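Mind looking over this structure? Questions follow.
The values are calculated or read from the model by the stated rules, or taken from the named source; none is laboratory data. In this text the structure is predicted, and so the values were computed from the model without any measurement. Cβ: placed from backbone, ideal geometry, glycine included. Neighbour counts: every protein chain shown.
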Amino acid sequence: MTDQQLFGQTMLDEAVRALRADLLAPGGPRISTMRNYRFAILPYKPSEEFKLRRHMRRLTDELKGAGWGVLAISLQKLLVDRIRASGDAGVQALITREKRLFFGDSVKGSEPSPERALEHVREKIAPLIEGPDGIAADVVRLITDFIKSHPDRADQTLVLIGRSGALYPFFRSSALLKHIDGKTQNIPVVLLYPGERRDTTALSFMGELPADRDYRPRIYP
């Protein structure tokens, strides 16, 4: 194991420990310094996806054992559901066109172009998921329904938003947080963020996109 790998694992462990301590703090969760803005981000290396999931399973089990309600939202599932809702014919057409662009078409004499294939998929998928009526609306709906089933427990309810890597490169998580802000009834919401922390407030989604500083939540650890 390299020093870099050891450091990465230690940082993830530290972030989860800090999050747990703040959630279970005397007097209620304190994952944010702003009283009416209970959002936080837990970044982790994309290569540590499975380790992150193990951490979250243990934390969820511990919180539920203490009487908490925990809602885990998979952005991957929401993305797939949105694509499927466009209809089988639309999905098949998207796949066929993407393959033709990626591998090229010898009949039409077009060269393989993975870049054009990705851009085609991006153009078709982005309108399905962007904006306040996109995936953000699905997240708000799930949170609202969950809160209704756990009334009067704002200090013992947690929402974990995960599998956000599925949105790369179609949608930025900073946009998601912006669109759900003010619509979560002030319960704690933690975004599990695959990427890199470049400085105090800057995050690079998947470690590939330019660092984004458009974040208000606390970033752990």
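Please go through the stretch 49-71 and pick out each residue that is within 14 Å of GLU14 (Cα to Cα) and within 17 Å of the chain's Cα centre (by Cα).
Let us first name the residues in the stretch 49-71 that are within 14 Å of GLU14 (Cα to Cα), namely 51-52, 55-56, 59.
LYS51, LEU52, HIS55, MET56 - these are the residues of the stretch 49-71 that are within 14 Å of GLU14 (Cα to Cα) and within 17 Å of the chain's Cα centre (by Cα).
Any residue that is without any contact (Cβ under 8 Å) to a residue 24 or more places away in the chain, more than 30 Å from GLU98 (Cβ to Cβ) and among the aliphatic types (A, V, I, L, M) - is there at least one of those in the stretch 191-204? I'd like the intermediate steps shown before the answer.
Residues of the stretch 191-204 without any contact (Cβ under 8 Å) to a residue 24 or more places away in the chain: 198-202, 204.
Cutting the leftovers down to more than 30 Å from GLU98 (Cβ to Cβ) gives us 198-202.
So of that shortlist, the ones also among the aliphatic types (A, V, I, L, M) come out as 202.
The answer is yes, given that some residue of the stretch 191-204 is without any contact (Cβ under 8 Å) to a residue 24 or more places away in the chain, more than 30 Å from GLU98 (Cβ to Cβ) and among the aliphatic types (A, V, I, L, M).
Of the conditions (1) under 13 Å from PHE171 (Cβ atoms); (2) not assigned by TED's automatic domain parsing to the domain that holds PRO169, VAL139 clears all except one; give me its number.
(2)
Kindly indicate which of LEU118, LEU158, LEU128 is in contact (Cβ under 8 Å) with a residue 60 or more places away in the chain and of a type in the set (A, V, I, L, M, F, W, C).
Numbers: LEU118 fails: in contact (Cβ under 8 Å) with a residue 60 or more places away in the chain; LEU128 fails: in contact (Cβ under 8 Å) with a residue 60 or more places away in the chain.
Of the residues listed, the single one that is in contact (Cβ under 8 Å) with a residue 60 or more places away in the chain and of a type in the set (A, V, I, L, M, F, W, C) is LEU158.
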